[in-house]
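Engineer: If you scroll down you'll find the structure; I have some questions about it.
Laboratory data are not the source of any read-out in this text; all were calculated from the coordinates shown. The structure presented is a predicted model; accordingly, all values stated were derived computationally and were not measured. Neighbour counts run over all protein chains shown; Cβ positions are idealised from the backbone, glycine included.
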Amino acid sequence: MAATGSAVGLGNLWKFPYIAGENGGGAFVLVYLLCILMLGIPVMVAEVMLGRRGRQSPIRTMAALTREAGVGKFWNGIGWLGVVAGLLILSYYSVIAGWALAYIPDMTQGLFQGANAEQVKMRFDALRADRNGLIYYQSIFMLLTTGVVVFGVSRGLGVAVRLLMPLLFLILVALLVFAWQQGDFARGFEFMFHFNFEALTGESVLVALGHSFFTLSLGMGSIMAYGAYMPQQASIGKTVLMVGGLDTLVALMAGLAIFPIVFAHPGLEPSAGPELLFISLPIAFGNMVGGVLFGTVFFILVTIAAWTSAISLIEPGVAWLIENKGFNRFTANLLLALIAWVLGLGTVLSFNDWSEYTVFGFTFFDGMDFLTSRIMLPTTGLLIAVFVAWVMPRVLSKDELNGEGSVAYCLWFWMLRWVCPLGIALVLVYGLYDTFSS
Ligand code: TRP
């Protein structure tokens with residue numbers, strides 16, 4: 001359940017629809033699904049397995065396992081890279097979660113009642129231009145996150161996931177019904193599932209790969225940290241398949257709710273970028289029966305989904321500071337949250353004062369996203385696959401996964417040994433080349 005809480009977040013509701021829109025829909029969605037199935041799921045099994053084998057914080061787990069495997073310190077880098085990536089992701093994640101927070105009072109006050117595309121856009125532009133407002137909401141979100149981590153991860157998380165995830169699911173169903181009745185559902189559906197390969201570039205394949213790691217919380221120790229708490233008799237394979245399935249379902253539902261609304265309203269574009277969720281769904285809530293209530297609850301749930309994910313972004317670093325540097329939970333948290341908060345200011349400014357400053361066409365926010373999703377996460381994913389399938393003695397994974405005589409285990413091992421390293425490396429190299437040559 002904690003893994004589901006970590007996986008389902010802004011990645012599904014906010015990021016997936018907007019990058020699918022930016023990359024032309026259908027073919028991108030297909031590549032994303034393939035990446036989840038062929039690369040994400042096997043790497044996730046490996047990461048959970050490493051965590052359960054090590055039963056400590058990711059950095060220490062990796063140190064212990066490299067010692068056990070009798071290999072050099074290089075592989076500890078998996079733990080390190082993860083902690084850094086987590087902080088960088090958290091820095092912009094909290095800014096976007098702040099947008100969801102800012103929409104809660106708007107919804108309660110019925111600001112979007114009967115609104116059209118233009119009015120919603122105006123509200124969003126005002127929010128984006130309001131630097132201090134963004135910092136205010138970013139700070140509240142950061143306080144919420146550190147608040148939970150200070151008290152320890154397990155309490156609270158269970159309730160949030162067990163109670164609130166099903167509720168989020170129900171609201172998504174309500175949104176789908178609305179999109180079906182009032183949106184251009186046929187066009188939305190076609191946009192997501194009609195495979196137009198012309199729109200696909202090397203760059204968008206890299207975006208799809210990076211996002212499949214992002215949405216499953218892979219490549220930075222979140223899932224490894226939670227694997228450390230997993231009971232020995234529970235099946236890792238089944239758990240991972242369920243988390244991956246739920247995560248994908250939520251993303252596809254979000255897309256199917258958003259695109260029909262986009263196509264039904266002149267002035268909205270699927271390629272709108274990061275604001276897509278925040279300019280399409282308010283129109284739906286503003287024009288449905290009970291929209292004030294649904295809208296308020298929806299943005300509260302988005303905030304909570306982001307919250308359970310943010311906790312998993314900071315926890316590996318906190319655990320490491322406590323275990324290795326003698327920090328207590330409170331100061332470890334404070335330090336890391338402060339670093340992420342300061343970095344987050346760059347993201348805030350990239351939506352207003354700094355929006356003109358770009359390097360290689362990237363604003364500060366784009367740069368953070370690029371560095372983490374497209375470079376760091378696939379790189380650690382690659383390292384994890386190589387470590388588990390080539391470096392670590394095979395008996396360890398066989399033992400941990402009950403692999404003796406199991407076809408599923410053999411298939412997984414083969415995927416992790418050949419398909420994952422080659423696939424990830426190929427997409428990384430080609431995608432980066434394509435990104436910088438265009
Ligand atoms: N998976 C979360 C989402 O989709 C974000 C997240 C949480 C994450 N922990 C992570 C992303 C670790 C990458 C790595 O919103």
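Engineer: With +1 on the Cβ of every Lys and Arg and -1 on the Cβ of every Asp and Glu, and nothing else charged, how large is the dipole of the stretch 2-437 about its Cα centre, in debye rounded to the nearest 20? Walk me through the numbers on the way to the answer.
Structural biologist: Details: 21 positive and 24 negative charges, 293 e Å.
Computed charge dipole of the stretch 2-437: roughly 1400 debye.
Engineer: Taking GluC sites (Glu not before Pro) as candidate sites, keep only those in a DSSP loop with at most 16 other Cβ atoms within 10 Å, then name the longest stretch of the chain containing none of them.
Structural biologist: Numbers: sites that count: GLU356, GLU404.
It works out to 1-355.
Engineer: Another question about this same structure. Please work out the ratio of the alpha-carbon Rg of the chain to 2.2 N^0.38 Å and round it to two decimals.
Structural biologist: Working: Rg = 21.0 Å, N = 438, 2.2 N^0.38 = 22.2 Å.
That ratio works out to 0.94.
Engineer: Could you tell me which residue out of SER57, TRP75, ALA46 lies farthest along the dipole of the stretch 38-84 toward its positive end? Charges go on the beta carbon: Lys and Arg +1, Asp and Glu -1, centred on the Cα centre.
Structural biologist: SER57
Engineer: How long are the three semi-axes of the equivalent ellipsoid for the stretch 42-183, computed from the Cα gyration tensor as the root of 5 times each eigenvalue, in whole Å, largest first?
Structural biologist: Numbers: eigenvalues 318, 79, 47 Å².
For the stretch 42-183, the ellipsoid semi-axes come out as 40, 20, 15 Å.
Engineer: Right, here's the next one. Would you mind ranking SER222, SER57, SER204 so that the residue whose beta carbon has the fewest other beta carbons within 10 Å leads the list? It would help to have the intermediate numbers written out before the result.
Structural biologist: Details: SER222 29, SER57 26, SER204 22.
Going from sparsest to densest Cβ surroundings: SER204, SER57, SER222.
Engineer: If you don't mind, another one. At 0.36 nm per residue, and after removing the present C-alpha to C-alpha distance, how many nm does the segment from GLU404 to LEU422 gain when stretched out fully?
Structural biologist: Working: separation 18, 0.36 × 18 = 6.48 nm, distance 2.60 nm.
Value of the extension gain: 3.9 nm.
Engineer: At 27 angstrom or more along the helix axis (alpha-carbon based) and mean Kyte-Doolittle of -0.5 or higher, what helices does the chain contain? Whole DSSP H runs only.
Structural biologist: On the way: long enough: 77-108 (46 Å, 1.36); 131-150 (28 Å, 1.03); 236-264 (43 Å, 1.86); 291-325 (50 Å, 1.35); 329-350 (32 Å, 1.63).
Length and hydropathy pass: 77-108, 131-150, 236-264, 291-325, 329-350.
Engineer: If neighbour count is taken as other Cβ atoms inside 10 Å, put MET44, MET38, MET253 in order from fewest to most. Could the numbers behind the result be given before it?
Structural biologist: Values: MET44 31, MET38 15, MET253 19.
With the fewest neighbours first, MET44, MET38, MET253 line up as MET38, MET253, MET44.
Engineer: Can you find, among ALA225, LEU377, PHE214, the residue farthest towards the positive end of the dipole of the chain? Put +1 on the C-beta of Lys and Arg, -1 on that of Asp and Glu.
Structural biologist: Of the options given, the answer is ALA225.
Engineer: Taking the number of other C-beta atoms within 10 Å as the exposure measure, put ASP399, ASP184, ASP247 in order starting with the fewest.
Structural biologist: Values: ASP399 13, ASP184 17, ASP247 26.
Least crowded to most crowded, the residues run ASP399, ASP184, ASP247.
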